[in-house]
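A quick write-up on the structure given underneath.
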Amino acid sequence: MNREIYQEPLVSRYTSPEMQHLFSERFKFTHWRKCWVALAEAQYELGLSLVSREMVDELKAHVDDIDFDVAAAKEKEIRHDVMAHVFAYGQQCPKAEAIIHLGATSQFVVCNTDLLIQKKALHLVKKGIVNTIANLAGFCEKYKDMATLGFTHYQPAQPTTVGKRNTLYIQDLLMDLEYIEHLEKEIVARGAKGTVGTQATFLELFEGDHEKVRALDKLVSEKIGFNDVFPVTGQTYPRKLDMKTAETLAGVGMSAHKFSVDMRLLSNLKVQEEPFAKKQVGSSAMAYKRNPMRSERMTGLARKLMGLPANFAATAGNQWFERTLDDSAIRRMDIAQAFLLTDAILKLYVNITSDMVVYPKQVERYLKAELPFMSTEKILMACVERGESRQEIHEVIREHSVAAGMAVKEQGKENDLLDRLAADSRIPFAIEELSALIENFQEFTGRASQQTSEYLREVVAGVLDRHQDLVGNIDSSLSV
């Protein structure tokens, strides 16, 4: 690492080698050459006399041994990256030099390679999502029955279960997975369309044979790894696709952001925590701290990712007619960043969900502190069954609930609502009887446990089965 210049943290700190490789110069320029091979080979197979088998074989022989120094020197001279690499390739392939890039425009290699990179990158994103879902599913099953305090507006609400709460995170990710699988179908080749998408030069090469030009478009696309091709394009593939890709990845960021913020809140309550390494330091000054740094990092990365779609919308909306070059610089940064950010986020998400910690006693403490308030309707019904007036008992409970709540807030006392009710002669229950009404936490969670089991069985299991090849075999270790 060169410590004298800026290093991109997404690469140096956060992302997987697999995703980094896809956006590397080696991968990009190697696949430019594979596009040129596919074009030449398709032209040869369709009978273009200018291209020979010997030329195609020579091109194939030098796909991987790129002389980056020659290409860089030429680009500095002519200020054109594609033609610089055409030159470097031609230096190694003197027999084929004359037919490299024959009939094509720069976006033939740039667009088709970009699309291939995105196709492969989406597969890595899917793998991260599926493994996160698998981790969360195991966690939900383990804690489906553990009653915990629910929150609305971050205020205590009816109890749910720890497992049920985490099904909400799975549901978000399943939506992301569905959108990604739809997007995968939309990513097709730009193909061999020519300078402004009319295939005019290819039509000239094939002496006006429209069917051969159509066949060339399809054949080249198949050779570089696509099952389909955009039927029409300008000079580039439609930048609308980039916007949809960014929106889909930003959706993954939103799902992760929701989870990571909740984890930070739970960590503050000491109810549930992310994994904490044995020698991890929580604070340089406060040695006792266990900061949720992974969730905090995930929040920050997700915030960056969620902000990217606007750039892609502006870029797509400013492509004048067949194409303008103001898309180039921003796409070099933002497409890679969108996928690298998603990769970094999912790497964290898999890591955190692989070993989350729950503290049952702390969960119970919060429940006990709030359940007297939440049990008032149950107490009210029990009093009515004893022959008391619902309206009169409702007023008694309201008076004591307000007084107990003020004592908790203003005097820092424990919640003594049950003691207050038991001491009131209008309530036909002793303290032991009132306590018995709320001792089974599970009764307050409704169908949370059953919903969790049903969701895991009826929805999640099928998705994991369908993507069994993606489950496991993923490195979620963090470099720092």
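With respect to the stated conditions, Ala134 fails to be of a type outside the set (Lys, Arg), buried (at least 24 other Cβ atoms within 10 Å of the Cβ) and farther than 28 Å from Glu439 by Cα. The set of residues from the stretch 162-200 being in a loop (DSSP other than H, G, I, E, B) and free of Cβ contacts under 8 Å to residues at least 12 places away in the same chain comprises just one member, Thr198.
Of everything listed in (1) in contact with a helix residue (DSSP H, G or I) (Cβ under 8 Å, 6 or more places away or on another chain); (2) assigned to a helix (DSSP H, G or I); (3) aliphatic (A, V, I, L, M), the single unmet condition for Ala436 is (1). Please indicate, with yes or no, whether at least one residue in the stretch 413-429 is in a helix (DSSP H, G or I), in contact with a Phe, Trp or Tyr (Cβ under 7 Å, 6 or more places away or on another chain) and either assigned by TED's automatic domain parsing to the domain that holds Thr160 or of a type in the set (Gly, Ala, Ser) (or both). Within the stretch 413-429, one or more residues are in a helix (DSSP H, G or I), in contact with a Phe, Trp or Tyr (Cβ under 7 Å, 6 or more places away or on another chain) and either assigned by TED's automatic domain parsing to the domain that holds Thr160 or of a type in the set (Gly, Ala, Ser) (or both).
In the stretch 307-334, the residues that are closer than 17 Å to Phe23 by Cβ reach residues that are surrounded by 13 or more Cβ atoms within 10 Å (Cβ to Cβ) and aromatic (Phe, Trp, Tyr) with C-beta atoms within less than 9 angstrom, at least six apart or across chains, in these pairs: Ile330/Phe312; Arg331/Phe312; Asp334/Phe312.
Evaluating Gln319 against the criteria (1) over 14 Å from the mean Cα position of the chain (by Cα); (2) at pLDDT 95 or above leaves one unmet condition, (2).
Summed over the stretch 174-200, residues that are buried (at least 17 other Cβ atoms within 10 Å of the Cβ) and of a type outside the set (A, V, I, L, M) total 8. Test Leu122 against the criterion of being part of a helix (DSSP H, G or I), surrounded by fewer than 23 Cβ atoms within 10 Å (Cβ to Cβ) and touching a His at 6+ places or on another chain (Cβ under 9 Å), and give yes or no. Judged against the criteria, Leu122 is not a match.
Out of all the residues in the stretch 460-473, is one or more exposed (fewer than 15 other Cβ atoms within 10 Å of the Cβ), in contact (Cβ under 8 Å) with a residue 40 or more places away in the chain and of a type in the set (Val, Ile, Thr)? Within the stretch 460-473, none of the residues are exposed (fewer than 15 other Cβ atoms within 10 Å of the Cβ), in contact (Cβ under 8 Å) with a residue 40 or more places away in the chain and of a type in the set (Val, Ile, Thr).
Taken over the stretch 367-389, the criterion of being within 15 Å of Leu421 (Cβ to Cβ), at pLDDT 90 or above and among the charged types (D, E, K, R) is satisfied by Arg386, Glu388.
Of all residues in the stretch 168-207 being of a type in the set (A, V, I, L, M, F, W, C) and in contact with a strand residue (DSSP E or B) (Cβ under 9 Å, 6 or more places away or on another chain), which is farthest from Ile117 (Cα to Cα)? Ranking the qualifying residues of the stretch 168-207, first place goes to Ala192. Looking across the stretch 433-449 at every residue that is free of Cβ contacts under 8 Å to residues at least 24 places away in the same chain and surrounded by 14 or more Cβ atoms within 10 Å (Cβ to Cβ), the one that is farthest from Lys142 (Cα to Cα) is identified as Glu433. Among residues of the stretch 69-119 being under 35 Å from the mean Cα position of the chain (by Cα) and of a type in the set (Asp, Glu), the one that is nearest to Ala189 (Cα to Cα) is Asp114. Hey, does the stretch 282-291 have a residue that's in the same structural domain as Ala313 (by TED's automatic domain parsing), surrounded by 16 or more Cβ atoms within 10 Å (Cβ to Cβ) and at pLDDT below 95? Among the residues of the stretch 282-291, at least one is in the same structural domain as Ala313 (by TED's automatic domain parsing), surrounded by 16 or more Cβ atoms within 10 Å (Cβ to Cβ) and at pLDDT below 95, which makes the answer yes.
If you go through the stretch 389-398 and pick out every residue that is part of a helix (DSSP H, G or I) and loosely packed, with under 13 Cβ neighbours inside 10 Å, you end up with 5. Looking at the stretch 125-151 only, could you name the residues that are part of a helix (DSSP H, G or I) and among the hydrophobic types (A, V, I, L, M, F, W, C)? Passing the criteria: Val125, Ile129, Val130, Ile133, Ala134, Leu136, Ala137, Phe139, Cys140.
Of the residues making up the stretch 36-77, those that are touching a Phe, Trp or Tyr at 6+ places or on another chain (Cβ under 8 Å), over 22 Å from Asp209 (Cα atoms) and part of a helix (DSSP H, G or I) are Met55, Val56, Leu59, Phe68, Val70, Ala71, Lys74.
Screening Arg332 on (1) under 42 Å from the mean Cα position of the chain (by Cα); (2) not aliphatic (A, V, I, L, M); (3) not assigned by TED's automatic domain parsing to the domain that holds Glu296 shows it passes everything except condition (3).
The set of residues in the stretch 175-199 that are aliphatic (A, V, I, L, M) and within 26 Å of the chain's Cα centre (by Cα) comprises Met175, Leu177, Ile180, Leu183, Ile187, Val188, Ala189. Considering only residues in the stretch 306-325 that are touching a Lys or Arg at 6+ places or on another chain (Cβ under 6 Å) and over 15 Å from Thr248 (Cβ atoms), the one that is surrounded by the most Cβ atoms within 10 Å (Cβ to Cβ) turns out to be Thr315. The residue that is surrounded by the most Cβ atoms within 10 Å (Cβ to Cβ), counting only those in the stretch 201-211 that are charged (D, E, K, R) and in a loop (DSSP other than H, G, I, E, B), is Asp209.
Test Gln391 against the criterion of being under 22 Å from Thr161 (Cα atoms) and either touching a residue at least 24 places away in the same chain (Cβ under 8 Å) or of a type in the set (S, T, N, Q) (or both), and give yes or no. So Gln391 does not fit the description; no.
The values are calculated or read from the model by the stated rules, or taken from the named source; none is laboratory data. Computed from a prediction, not measured in an experiment: that's the story for all the values here. Positions of Cβ are generated from backbone atoms using ideal geometry, with glycine treated the same way; all protein chains shown enter the neighbour counts.
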